[in-house]
Structure formats: C-alpha cells, structure tokens
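Some notes on the structure that comes next.
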Amino acid sequence: RAAGSHAGCCVLLQVGLVYMFNLIVGTGALTMPKAFATAGWLVSLVLLMFLGFMSYMTTTFVVEAMAAANAQLRWKRMEKRKDDEDEDSSSGVSDTDVLLQDGYERAETRPILSVQRRSSANIFEITERVEMGQMASMFFNKVGVNLFYFCIIIYLYGDLAIYAAAVPVSLMQVTCSATGNHSCSVGDDTKYNDTDKCWGPIRRIDAYRLYLAAFTLLLGPFTFFNVQKTKYLQIMTSLMRWIAFILMIILALIRISRGQAEGHPSMAQLSGIRNLFGVCVYSFMCQHSLPSLITPISKKKHVNKLVLLDYILILAFYSLLSFTAIYCFRNDTLMDMYTLNFTNCEIINVAFIRYFLGLFPVFTISTNFPIIAVTLRNNWKTLFHREGGTYPWVVDRIVFPAITLIPPVLVAFCTHDLESLVGITGAYAGNGIQYLIPAFLAYCSRKDTQLVFGSGTVNKHLSPFRHTFWIVFVLIWGFSCFVFVTANIVLSEPKL
C-alpha cells in the first residue's frame, strides 16, 4: 500500500512538472535563437543560466507567499468561527462591539499560540488558490496594489501586442514567399523589405496589415465575452507546440550532421544584450500563473525540488534549441520567429512540414489571444472596482473590452519587430512581475506572518533563499535592470 501511494504521488508530481514546463515554454522560445545570435553564444549562455536561477529563486518566493496567504485565510476563518461561538454562548451577557474589538486586538497585536498549536501541521498548507492580485491586496498597501495591477496590465498589453504581430507576420512570410518568384525563399540569401511586392500591387507591409485586420476582426470580438471550456483547445495547442519544437531541433541537427551548417556565431556582442535580457525574462515567465499550477498538486512537500527540476530541463531545452539554430543558420538569415526559417525548400522538401512550421504560430497564438485578452479586461475591472458598486452596461461591455483590444492592435499596426516587442515587454513589465513583485511579496508576507503567528513560527514552504540578503539582491538586480535597459534604449538607435 505504501509503495502504491508513493507511486501515485510521483505521478501527480510528474503531471505538475509537465504542466509547468508547458506554461513556461511558449512564444518567447521562438524568438530566443535570434536573440542568441545577436548577443553571441557565450554571453547568451551565461545570461540564460543566471536569469534561469533568478527566476527559480523568485518562484520559490511566490510559493512561500502563497503558503503565508493560505495560513492567514485559514486563521481568519478559525477566528471568525471562534468569535461566533463565543457570541452564541454569551449572547445575553457581553457586548458585540467588545467581542469584535477583542478579536481585532488578538489578530493584530499578539501571536495566536493556541491556533498555532492546534493546527501547526497544516496551517501553511497550500489548499486554496490565492492569485497574485489577492496576495498583493493582503500584503501590500494601496499604492503597492495599484502598482501591481499597473505592472500586470502593461505585461498583458505587451503579450497581446506580440500575439497580434506574430500571427500576421507568419501569414505574410508564408503567403508572400509562396507566390510569384519567391517560392520557398524564406531563410535564403534574399532579404525582403516591407515595401517589396507580395501579390501584384500589394506590398508585403500591406499584406501584413490586411492579415492584422482579419486577425482583429476574427478574434477581437472574443474580448467582449467570457472565454470558457478551452481545455481541449489547450491540449491540442500543447501537442502542436511540442511537435513543432522537436521537428525544428531534429531538422537543424540533421543539417549540421550533413555538414550543411552555415552558422558561425560570435562569442559576445554587447549590443545584443538588451534584447536578449528581455527575451530571457519573457521566456522564463510563470510567476503570475503559479497559484493555478501549484494549488492542485496534492503532495507539495517537494514542490521546490519539482520547480528546480523544471528549470533545469527548461534551461537545457532552450540551450539545445538556440545552439542548434545559431550553428545551423547564419546570423543574418535567422528570423525573429524561428519557425519561419524552416519554410525554405533547402531545409525541408516536404511541403506539409514547411507549412506546418510556418503557420504553427498562427494556430497556437490564435487560441491564446482571447484568453489573455479576457484576463487583461478583468484586471482592468479589478483595478477600478468600487466596493459594493457595479459598472454601467456600456462601461462593462464596451469600454473595458475596447481599451483592452485597441492599444495592442495599434502597436502591432505600427511595428512587427517581434524581437524588440518581446525584449521590451520582458525587460520592463516582465522584470517587475518576475523579480520585484515576488521579492516584495516574500518580504511583506514574512513580516505579516511574524506579526500574526509569532516570530517562532516557521512557514513549511519557506523559500530555500530565506535570508533577507536574497530579497535585497533581487530588488537591487531588478531596479538595476530597469536602469540598464532604459539607458541602452536611450543611447542606442531604437529599432521600433
């Protein structure tokens, strides 16, 4: 029986590992090969390993804050139940205000040792999903909560802009290259400008904007409704993603093994670090989705080891994908969206595989766009929510969806430079979500835990990086990255 129980636990942990792997490895991975080639292989590998370590550290901070939030919610319910029992047993004797004031004083001024002793084994168990916004409301002041929502909204806007640009870019590259004299020419020596012809008088940039308009008209209306029951859609897109990634790695390895590799990457190019930093941060992003991922796991004793194993596997995967890419293709032929390098007949002569890889972002990103849009719309509603108030129909059903959809479409209309879009989104909003917010959550949750439960209480999900030095280090690193990226953008010619 013990062996069977252990086996079941392992299966659940493995499922959690797979879900986390799928959550992290997404669109950012497709822009990483170009970023690797731009920054040089040695600089890229060192920065990738360091940022992977930093992301793992802040992931453990979020798990710790989730446990602290669960403990406080559980304790508040126990206190409320105890106050209700006291009120029922002495309803004719004591005053209700005195009881409430006494409950407040117990909550805010002294450790509840009796509660701690009564449920010390499970007070910090993560059984209830507490989203980052709720944790921010529990542990931050009003300014901190508003800054959190501002950061998450900017990140989601960047996400939508990347998605809105990636689909039309893929369609433009595949369809324009498959017509006229351009057949199978993506990824070869020919370099195309946006003003080059696509179909007759239609230029490539015109084709891109036509596809953007069609994308907006087809998927934009979902922003005005609730998106539900996407389980099977997500399973299908995950399957397609892994088929595409494995195909690209195998095709690149075959080309290298045959001596047809053209890549000669440099060791270091400091000018490419800014975009590489943003791409890496974006590609390791999972902190905002951890509550939905960690909470369902039944046995969380080894959750930090699970997360560490995931990060090691993801680091190895990103390295394999990027190194095979930069040695297979010349730097100047690597596309912003790596899948487009495989629409060349010289790389693969099977038309179905060429079109599958070329159109892969279209299918997978299109299924995610409505989900991200609805998430952003709901965050706007939460930010401006008034206690006990409701929004007028026009504001709720028209204004919020409109301010969600229009800005990213306008950004995508102005530029389709995916490397820069991913880099800027990761370097700014991604920096805040991945480094600054988890560090502040860990610091504030530890203070609140000591205040409520006493300094001797130990959170069972306390981060391995429990010393205050690590929180300070993450905060200094995060703010330094803001300064570095901003200075780099100001001093260099912007690509956008």
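The values are calculated or read from the model by the stated rules, or taken from the named source; none is laboratory data. The model shown is predicted, which means the values in this text are computed figures rather than measured ones. No Cβ is skipped: glycine too gets one built from the backbone with ideal geometry, and neighbour counts run over all protein chains shown. Calculation scope for accessible area: heavy atoms of the full protein, side chains included, ligands and nucleic acids excluded. Shrake-Rupley method; radii C 1.70, N 1.55, O 1.52, S 1.80 Å.
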(message) Using a 1.4 angstrom probe on the protein heavy atoms only, could you order THR237, THR375 from most to least accessible area?
(response) THR375, THR237
(message) I want the local charge near LYS299. Using Cβ-Cβ distances under 13 Å, sum +1 for each Lys or Arg and -1 for each Asp or Glu among the other residues.
(response) +3
(request) Apply the Karplus parameterisation 6.51 cos²θ - 1.76 cosθ + 1.60, with θ equal to phi minus 60°, to every residue of segment 314-321 and state each ³J(HN,Hα) to the nearest whole Hz, in sequence, with x for glycine and proline. (result) 5, 4, 5, 5, 4, 5, 4, 4
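With a 10 Å radius around each residue's Cβ, average the other Cβ atoms per peptide and rank 423-432, 125-134, highest first.
Details: 423-432: 25.8, 125-134: 17.1.
By packing density, highest mean first, the sequence is 423-432, 125-134.
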(message) I'd like to check one number: the per residue accessible area of segment 412-479, probe 1.4 Å, reported in Å² as a whole number.
(response) 39 Å²
(message) Kirkwood Rh over alpha-carbon pairs of segment 284-426, then Stokes-Einstein at 10 °C and 1.306 mPa s: what D in µm² s⁻¹, rounded to an integer?
(response) 82 µm²/s
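Quick one: which of 478-487, 325-334 comes out on top by average Cβ neighbours within 10 Å, and what's the full order, highest first? List each step's numbers first, then the result.
Working: 478-487: 15.2, 325-334: 20.1.
Going by the mean number of other Cβ atoms within 10 Å, highest first, we get 325-334, 478-487.
What FRET efficiency comes out for ILE250 versus ASP206 if R0 is 25 angstrom and r is the Cβ-Cβ distance? Round to the nearest 0.05.
FRET efficiency, ILE250 to ASP206: 0.10.
Scaled to the compact-protein estimate 2.2 N^0.38 Å, what is the alpha-carbon radius of gyration of segment 368-480, rounded to two decimal places?
On the way: Rg = 19.5 Å, N = 113, 2.2 N^0.38 = 13.3 Å.
Taking the Cα Rg and dividing by 2.2 N^0.38 Å, one obtains 1.47.
Taking the Cβ-Cβ separation of ILE371 and LEU73 as r and a Förster radius of 25 Å, what is the calculated FRET efficiency to the nearest 0.05? Present the calculation step by step, with values, prior to reporting the outcome.
On the way: r = 27 Å, r/R0 = 1.07.
Calculated transfer efficiency: 0.40.
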(message) If I compute solvent accessible area with a 1.4 Å probe over the protein chains, what percent of it on segment 353-450 is carbon and sulfur?
(response) 71 percent
(request) Kindly provide the Kirkwood hydrodynamic radius of segment 320-386 in Å, to one decimal, from all pairs of distinct alpha carbon atoms. (result) 14.7 Å
(message) Using 31 Å as the Cα-Cα cut-off, could you pick out the over-long pairs in LYS76/LYS142; LYS80/LYS381; LYS142/LYS299; LYS82/LYS305; LYS76/LYS299; LYS34/LYS381?
(response) LYS142/LYS299; LYS82/LYS305; LYS34/LYS381
(request) With a 1.4 Å probe and every protein chain left in place, work out the accessible area per residue of segment 314-381 in Å², rounded to a whole number. (result) 32 Å²
(request) Give me the net charge of ALA252's neighbourhood, meaning all other residues with Cβ under 12 Å from the Cβ of ALA252; Lys, Arg count +1, Asp, Glu -1. (result) +1
(request) With a 10 Å radius around each residue's Cβ, average the other Cβ atoms per peptide and rank 304-316, 147-159, highest first. (result) 147-159, 304-316
